[in-house]
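Undergrad: Quick one: structure below, then a few questions.
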Amino acid sequence: AQSVTQLGSHVSVSEGALVLLRCNYSSSVPPYLFWYVQYPNQGLQLLLKYTTGATLVKGINGFEAEFKKSETSFHLTKPSAHMSDAAEYFCAVSTNTNAGKSTFGDGTTLTVKP
Amino acid sequence: NAGVMQNPRHLVRRRGQEARLRCSPMKGHSHVYWYRQLPEEGLKFMVYLQKENIIDESGMPKERFSAEFPKEGPSILRIQQVVRGDSAAYFCASSQGTGGDEQYFGPGTRLTVT
């Protein structure tokens with residue numbers, strides 16, 4: 001079984017400030033971890049993913065995430081928020097043993113204040 | 001290379017009617033996943049299909065819901081005798097493989113049951 005917990009359903013930052021969106025996962029086997037972004041009335045777009053190898057993963061739009069096995073975490077960060085980053089962000093986990101089925105967190109809505 | 005296509009984008013049905021949602025995966029992708037997103041919630045897995053086969057339907061409600069992915073044509077998610085609680089956004093995703101392969105999402109079909 002696998003699960004994802006996103007701490008904080010709403011996060012608000014000022015433009016130019018650090019963005020930190022938290023994600024903790026649970027998995028009995030090595031996980032694959034993903035962050036997606038969803039803009040209003042649109043589908044999900046992949047920001048970045050971790051499968052194996054380097055634990056610090058860089059994605060699109062300046063986002064990155066670090067896989068920390070000891071903390072079962074995969075937090076998403078961006079050094080400087082931009083107004084266009086305002087959206088909903090989803091963390092997801094899948095494994096090799098569940099036929100690729102992804103389990104999603106409930107999402108975090110990011111608001112960027114001018 | 002066209003992305004994942006879903007149609008219709010918006011669908012309004014009265015209680016008791018049938019809803020048919022279509023999904024055409026990306027070219028070269030043989031794995032299709034359907035997810036449901038209720039208002040203010042994350043995505044919930046419904047079903048995973050490959051051509052002509054249902055691989056995992058553990059997220060599908062036991063009654064009224066069915067899915068197929070025929071040899072030719074799009075994948076279909078069918079909801080019979082819709083109820084107000086079926087109102088949601090339904091997303092289709094496709095991937096080339098499973099596990100660590102990323103899923104590409106369509107724009108979704110927003111079903112409203114009146």
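Every number in this text was worked out from the coordinates using simple rules, so none of it is lab data. If you're wondering where the values come from, they're calculated on a predicted model, not measured in any experiment. Reconstructed Cβ throughout: ideal geometry from the backbone, glycine too, with neighbour counts over all protein chains shown.
Undergrad: Taking +1 at the Cβ of each Lys and Arg and -1 at the Cβ of each Asp and Glu, which of A:THR52, A:PHE67, A:VAL13 sits farthest along the dipole of region A:6-78 towards its positive end, judged by Cα position relative to the Cα centre?
TA: The Cα lying farthest towards the positive end belongs to A:THR52.
Undergrad: Considering amide H positions built from the backbone, and no H for Pro or chain starts, which residues 5 or more places from B:ALA88, or on another chain, come under 5 Å of its amide H?
TA: Under 5 Å from the amide H of B:ALA88 lie the amide H atoms of B:LEU111, each far enough along the sequence or on another chain.
Undergrad: Explain nothing, just the number: dipole magnitude of region A:10-80 about its Cα centre with +1 on each Lys and Arg Cβ and -1 on each Asp and Glu Cβ, in debye rounded to the nearest 20. Could the numbers behind the result be given before it?
TA: Working: 6 positive and 4 negative charges, 27 e Å.
Computed about the Cα centre, the dipole is about 140 debye.
Undergrad: Non-local amide H neighbours of A:ASP106 (under 5 Å, H modeled in plane, Pro and chain starts lacking H): which ones?
TA: Sorted by chain and number, the residues that satisfy this are A:GLN6.
Undergrad: Test of understanding: ordering A:PHE34, A:PHE63 by Cβ neighbours within 10 Å, fewest first, what list do you get? Before the final figure, lay out each step's value.
TA: Values: A:PHE34 28, A:PHE63 20.
Least to most surrounded, the residues fall as A:PHE63, A:PHE34.
Undergrad: Count the net charge of all other residues whose Cβ sits under 11 Å from the Cβ of B:PHE45, scoring Lys and Arg as +1 and Asp and Glu as -1.
TA: Details: positive: A:LYS101, B:ARG36, B:LYS44; negative: B:ASP56, B:GLU57.
Its environment carries a net charge of +1.
Undergrad: What do you get for Rg/Rh of chain A when both radii come from the Cα atoms and Rh is the Kirkwood radius? All intermediate terms of the calculation are to be shown ahead of the outcome.
TA: Working: Rg = 13.5 Å, Rh = 14.1 Å.
Value, to two decimals: 0.96.
Undergrad: May I pose another question? Treating the beta-carbon of each Lys and Arg as +1 and of each Asp and Glu as -1, no other charges, what is the dipole magnitude of the protein assembly as shown about its Cα centre, to the nearest 20 debye? Don't skip to the answer; put the middle values down first.
TA: Numbers: 24 positive and 19 negative charges, 115 e Å.
Dipole about the Cα centre, nearest 20: 560 debye.
Undergrad: Explain nothing, just the number: relative contact order of chain B, from Cα pairs under 8 Å at least 6 residues apart, as a whole percent. Display every interim value, and only then the final one.
TA: Details: 292 pairs, mean separation 41.9, N = 114.
Relative contact order for chain B comes out at 37 percent.
Undergrad: Further question on the same structure: At a temperature of 25 °C and a viscosity of 0.890 mPa s, determine how fast the protein assembly as shown diffuses translationally according to Stokes-Einstein, using the Kirkwood radius over alpha-carbon pairs as Rh; express D in µm²/s, rounded to the nearest whole number. Mind showing how you got there, number by number?
TA: Values: Rh = 18.1 Å.
Diffusion coefficient, whole number: 136 µm²/s.
Undergrad: Further, regarding this structure: Would you list B:LEU11, B:LEU21 from fewest to most Cβ contacts within 10 Å? If you can, show how the numbers build up before the last one.
TA: Working: B:LEU11 18, B:LEU21 23.
The fewest-first ordering by Cβ neighbours comes to B:LEU11, B:LEU21.
Undergrad: Sticking with this one: Using the Karplus equation 6.51 cos²θ - 1.76 cosθ + 1.60 (θ = phi - 60°), what ³J(HN,Hα) coupling, rounded to whole Hz, does each residue of region A:82-88 give in order, writing x for Gly and Pro?
TA: 10, 4, 6, 7, 4, 4, 9
Undergrad: Using alpha-carbon pairs under 8 Å, 6+ residues apart, how would you state the relative contact order of chain A in percent?
TA: Numbers: 285 pairs, mean separation 42.1, N = 114.
Rounded, it is 37 percent for chain A.
Undergrad: Based on Cβ point charges of +1 for Lys and Arg and -1 for Asp and Glu, what charge dipole magnitude is obtained for chain B about its Cα centre, in debye rounded to the nearest 20? Don't skip to the end; give the middle numbers.
TA: Numbers: 16 positive and 12 negative charges, 114 e Å.
Roughly 540 debye, rounded to the nearest 20.
Undergrad: Please list the non-local residues whose amide H lies under 5 Å from the amide H of A:GLU15, H modeled 1.01 Å from N, same-chain partners needing a gap of 5 or more.
TA: Here A:LYS113 satisfy the definition.
Undergrad: If every alpha-carbon in region B:59-114 counts as one equal scatterer, what log10 I(q)/I(0) does Debye give at q = 0.16, 0.18, 0.28 1/Å?
TA: -0.63, -0.77, -1.26
Undergrad: May I ask you to sort A:SER28, B:SER94, B:SER30 by Cβ crowding, counting other Cβ atoms within 10 Å and putting the fewest first? Each step should come with its number before you reach the end.
TA: On the way: A:SER28 9, B:SER94 26, B:SER30 13.
So the ranking, lowest neighbour count to highest, is A:SER28, B:SER30, B:SER94.
Undergrad: I want to verify a result. In a Gaussian network model of chain A, Cα cutoff 10 Å, which of these has the top mean-square fluctuation: A:ALA65, A:ALA54, A:ALA17?
TA: Taking springs between Cα atoms under 10 Å, the residue moving most is A:ALA54.
Undergrad: Starting at 0 and stepping by 10 Å, how many percent of the alpha carbon pairs of chain B end up in each bin?
TA: Once binned at 10 Å, the Cα pair distances of chain B give 15, 50, 30, 5.
Undergrad: Residue-wise, which Karplus ³J(HN,Hα) couplings in Hz belong to region B:53-66, taking 6.51 cos²θ - 1.76 cosθ + 1.60, θ = phi - 60°, and x for glycine or proline?
TA: 9, 9, 8, 8, 10, 5, x, 7, x, 5, 10, 6, 9, 8
Undergrad: Right, next: For B:LYS27, list the lysines whose Cα falls under 21 Å from its own Cα; do not include residues on the same chain fewer than 8 positions away.
TA: List returned: A:LYS101, B:LYS51, B:LYS71.
Undergrad: Using all alpha carbons of region B:1-67, what is the percent of pairwise distances in each 10 Å bin, ordered from the shortest bin to the longest?
TA: Going from the shortest bin to the longest, the percentages are 17, 47, 32, 4.
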